[in-house]
1. State all residues of the stretch 89-123 that are buried (at least 16 other Cβ atoms within 10 Å of the Cβ) and under 47 Å from the mean Cα position of the chain (by Cα); if no residue qualifies, say none.
2. Taking the criterion of being in contact (Cβ under 8 Å) with a residue 12 or more places away in the chain, surrounded by fewer than 16 Cβ atoms within 10 Å (Cβ to Cβ) and among the hydroxyl-bearing types (Ser, Thr, Tyr), would at least one residue in the stretch 54-64 satisfy it?
3. Please list, ordered by first then second residue, the pairs with beta carbon atoms under 7 Å, 6 or more apart or interchain, first in the stretch 161-184 and in the same structural domain as Glu125 (by TED's automatic domain parsing) and on the phi < 0 side of the Ramachandran plot, second part of a helix (DSSP H, G or I) and among the polar types (S, T, N, Q).
Amino acid sequence: MKRASWLVSLFSIGLMVGCANQPTDPREGGLLGGIAGLQTGAYEARVQEREDRLESMRAIEQQLAAERTDLDAQKATRQQQVAAERRRLVELNTEVASLSKTVDELAAQHGTGDERVRELQGRIEALQGDMRRQQSGLDALEGMGAGGGADPAVELRRRQLEDQRKALQREYELLLQLSLELAR
């Protein structure tokens, strides 16, 4: 009988040692591993770890959604700015075409040999070339994404094109004044 109790004691010790060394992963260890995981709180710790990770991922997802919304708003604003520049350039182009027609009429009146008429015609041609380059710049800017976001290079290029259009507008106004003076 002593021998049977000694075997039972040895088996119990082996069982306890085996339970203590069982992995905490619920997919491993079988029944004894499951019992050890429940007793040590390892399962609850794993569940809490995964819930924390899930919460962290949800916070990151919300942050990315907010950034996407902000970037979409910036892109829309820049697209509106580029569209406005394009409209102003079209208006300026129409005005320059009208001015060119007026200078052609002045050339017919004063003759093409008049130095002032030739100067006006040359400046109008230069202005039209600058406007074509401005149009190409706007096209390229739209190809870059018109503000696809927070790219400072795109914003800088847009501002440069706007400044160039303003300079073209001033040149047009000066040419208009010269043509009016020539018409007198």
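1. Here is the first cut: in the stretch 89-123, the ones buried (at least 16 other Cβ atoms within 10 Å of the Cβ) are 89, 92-93, 96, 99-100, 102-103, 106-107, 117, 120-121, 123.
Scanning the stretch 89-123 gives Leu89, Leu92, Asn93, Val96, Leu99, Ser100, Thr102, Val103, Leu120, Gln121, Arg123.
2. No, the stretch 54-64 contains no residue that is in contact (Cβ under 8 Å) with a residue 12 or more places away in the chain, surrounded by fewer than 16 Cβ atoms within 10 Å (Cβ to Cβ) and among the hydroxyl-bearing types (Ser, Thr, Tyr).
3. Taking only residues 6 or more apart or on different chains, the pairs are Leu161/Gln134; Gln164/Gln134; Arg165/Gln134; Leu168/Gln134; Ser179/Thr102.
The values are calculated or read from the model by the stated rules, or taken from the named source; none is laboratory data. All figures in this text were calculated on a predicted structure; none of them were measured in a lab. Backbone-built Cβ (ideal geometry, glycine too); neighbour counts: all protein chains shown.
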